[in-house]
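What follows is a single structure, written as C-alpha cells, with notes after it.
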Amino acid sequence: MGLEGCRPSMTAIVLAGGKATRMGGRNKAFLEVGGKPIIENLLDKFKGFFGDILIVANEPAPFNQLPIS
C-alpha cells in the first residue's frame, strides 16, 4: 500500500535563504528546469507527502506568489 492520497501530519521546511553570490545574485529557486522553476517542481513533489510546507528565505517576497497554503 502506497502513500498516494494520504497527507501525513508532517511539515516540510525548504531552506531558500542563500545569498546567491555564486549565481551573480540570481535566486536559484526560480531558475527553470524543464520549463518550470525549481521551487515549483519541489513544491509539486512535496505536496503529496507533507501536510504543510514552510519556505525559509532571506527575502520572502518572491515566494509570496507560490501556490502553497
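The values are calculated or read from the model by the stated rules, or taken from the named source; none is laboratory data. Everything numeric in this text was worked out from a predicted model, so none of it was measured. Here the Cβ is made from the backbone with ideal geometry for all residues, glycine too, and neighbour counts use every protein chain on show. Surface accessibility is based on the protein's heavy atoms, side chains included, excluding ligands, DNA and RNA. Shrake-Rupley method; radii C 1.70, N 1.55, O 1.52, S 1.80 Å.
Among the residues of segment 29-43, how many are more than 8 Å from the chain's Cα centre (by Cα) and not in a loop (DSSP other than H, G, I, E, B)?
Total meeting the criteria: 5.
Got a sec? Which of I53, I13 is touching a strand residue (DSSP E or B) at 6+ places or on another chain (Cβ under 6 Å), open to solvent by 90 Å² or more (accessible area, probe 1.4 Å) and β-branched (V, I, T)?
Just one listed residue meets the conditions, I13.
Could you list, in sequence order, all residues of segment 23-34 that are touching a helix residue (DSSP H, G or I) at 6+ places or on another chain (Cβ under 7 Å) and open to solvent by less than 80 Å² (accessible area, probe 1.4 Å)?
Listed by number, the residues that qualify are N27, A29, F30, L31.
Kindly establish whether R26 is outside any helix (DSSP H, G or I), over 9 Å from the mean Cα position of the chain (by Cα) and basic (K, R).
yes
Quick one: P37 ticks every box in (1) without any contact (Cβ under 8 Å) to a residue 12 or more places away in the chain; (2) open to solvent by less than 40 Å² (accessible area, probe 1.4 Å); (3) more than 19 Å from P67 (Cβ to Cβ) bar one, so which box is it?
(3)
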